[in-house]
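Contents: one structure, followed by commentary.
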Amino acid sequence: MARVNLEDVTKRYGDVTAVEEMNLDIRDGEFVTLVGPSGCGKSTTMEMIAGLTTPSEGTVNIGERDVTYLPPKDRGISMVFQNIALFPHMDVYDNISFGLRLRNYEKEEIDRRVEDAARVVQMEGMLDRMPDEMSGGQRQRVAIARAIVRNPDVFLMDEPLANLDAKLRVHMRTELQRLHKELDTTIVYVTHDQAEAMTMSDRIAVINEGELQQFDPPLVCYNEPANEFVAGFIGSPSMNFTTGQLTQTGFSSEFYDVSFDTTGIDVTPGDGVTLGVRPEDVYPTEFIDDAADPTETIDAEVDVLEPMGDEIFVYLMLDEDNEGGMGGTAAGNDSLLMSVSPDSDLTEGDHVDVVLDRAKIHLFDEGTSLAITHSVSRSAEATADAQGEEAE
Ligand code: ADP
């Protein structure tokens, strides 16, 4: 086990800055995933931890050692990559033990380590199988076992499941979590798949264009995204975004207004803000009771339905100004995606009134895209009015 610490690490390739001033402090025994779109700098970051690439600036520490200029073999790491390169002419035992034999370990020690590693990846009974007699998942497990026998302080895994089919990927996710628990080793894992990042990691480092956007536990990234990029990247389907302005009484856009208490929100009325709300926090009015703090209704028309089995994604077109008359051209602003239960009887073309859950409304500064708040609430006046109405 060891801590991995990147301090102000930058990597430039000519004019391209692949990674910029990355600071990451990965704790001993932690499972950390680097996630972000293709080309954002995940692999470069990993290669600098592994020693396959030297940073242009900054320091890489593993344990208490500065390893910035050490070769991979002296870093106490083991790597598993996307392309599983097993030796085709060697059986499982020989593949797993290859590195140990190269280092002239005693036969008993090799046997013990291979057996242990094979048990961890549940391949005990298959030590004499050849690679072409195994499934993709089994081959990947052998590759992981080969990394385990080296007893590393840190595991580095770069998209190790990318070449597996969807069902096997989900299965291997659970296996990797089990492996992490059993070995209690620091794991740094690279993926572009946010579902993989969400399900396995203690913390995820969301990267975009070479820069770290947020480094937090998965649910913190989900519920309290630091900026619009993280909000849009984490969560599937993606969060809805509507650009508009902050007013004295809430949010106003070309397609709908939402009232809320603006005291304590650090924006001047008239400033551009983007409202973000996840599809599961949009409700048709028949389910208004499910929203903790429902907004005013928004008129919409059902454009497209996507039944997913356990839920239905409903693509809504919004009325301009919500005063009747469909229209508007602002790209993306005139639509909302809502997820509803599969019992819903909505059909395409239906008019439907929807509400947003204020408690789950995010606001982002239009200029910096940084989060302003992750929740708003009904103003005291509106609450008093509503209570008055209820009393009547
Ligand atoms: P990711 O793993 O997130 O897909 P990479 O770390 O591979 O991203 O790449 C980050 C950026 O650095 C990309 O723009 C890529 O083109 C560039 N890059 C990576 N490796 C090299 C290299 N050896 N030479 C030049 N540019 C590179």
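The values are calculated or read from the model by the stated rules, or taken from the named source; none is laboratory data. Predicted model only: the values in this text are computed from it and were never measured. All Cβ positions, glycine included, derive from the backbone under ideal geometry; neighbour counts span all protein chains shown. For accessibility, only protein heavy atoms count, side chains too; no ligands or nucleic acids. Shrake-Rupley method; radii C 1.70, N 1.55, O 1.52, S 1.80 Å.
Would you check if Thr53 is within 16 Å of the ligand (Cβ to nearest atom) and farther than 26 Å from Ala143 by Cα? Answer is no for this residue. Scan the range 339-367 for residues that are open to solvent by 50 Å² or more (accessible area, probe 1.4 Å) and in contact (Cβ under 8 Å) with a residue 60 or more places away in the chain and the total you get is 5.
Going by the structure shown, is Leu34 of a type outside the set (Lys, Arg), within 13 Å of the ligand (Cβ to nearest atom) and either within 20 Å of the chain's Cα centre (by Cα) or crowded, with 16+ Cβ neighbours inside 10 Å (or both)? Steps first, answer last, please.
Values: of a type outside the set (Lys, Arg): yes; within 13 Å of the ligand (Cβ to nearest atom): yes; either within 20 Å of the chain's Cα centre (by Cα) or crowded, with 16+ Cβ neighbours inside 10 Å (or both): yes.
Spelling it out, Leu34 is indeed of a type outside the set (Lys, Arg), within 13 Å of the ligand (Cβ to nearest atom) and either within 20 Å of the chain's Cα centre (by Cα) or crowded, with 16+ Cβ neighbours inside 10 Å (or both).
Cβ-Cβ contacts under 7 Å between residues 6 or more apart (or on different chains), taken from a first residue in the range 17-32 that is farther than 18 Å from Asp216 by Cβ and among the aliphatic types (A, V, I, L, M) to a second residue that is away from the ligand (no atom under 11 Å from the Cβ) and at pLDDT 95 or above, are listed as Val19/Val9; Val19/Thr10.
Among the conditions (1) surrounded by fewer than 22 Cβ atoms within 10 Å (Cβ to Cβ); (2) within 12 Å of the ligand (Cβ to nearest atom), Asp74 misses just one, which is (2).
If you go through the range 179-224 and keep only what is aliphatic (A, V, I, L, M), in a strand (DSSP E or B) and over 20 Å from Ala371 (Cα atoms), you end up with Ile187, Val188, Val190.
For the range 11-31, a residue qualifies if it is away from the ligand (no atom under 12 Å from the Cβ) and either among the polar types (S, T, N, Q) or over 22 Å from the mean Cα position of the chain (by Cα) (or both), and exactly one does: Asn23. Residue under question is Leu161, and the condition is that it be within 16 Å of the ligand (Cβ to nearest atom) and not in a strand (DSSP E or B); does it hold? Judged against the criteria, Leu161 is a match.
Of the residues Thr191, Thr174, which single one is within 16 Å of the ligand (Cβ to nearest atom), of a type in the set (Val, Ile, Thr) and modelled with pLDDT under 95?
Working: Thr174 fails: within 16 Å of the ligand (Cβ to nearest atom).
On inspection, the qualifying residue turns out to be Thr191.
His180 fulfils the conditions (1) touching a strand residue (DSSP E or B) at 6+ places or on another chain (Cβ under 6 Å); (2) closer than 14 Å to Ser97 by Cα; (3) open to solvent by 20 Å² or more (accessible area, probe 1.4 Å) except for a single criterion, (2). The residues listed here are Thr45, Thr54, Thr68; of these, the one that is among the polar types (S, T, N, Q), within 20 Å of the chain's Cα centre (by Cα) and modelled with pLDDT of 95 or more is Thr45.
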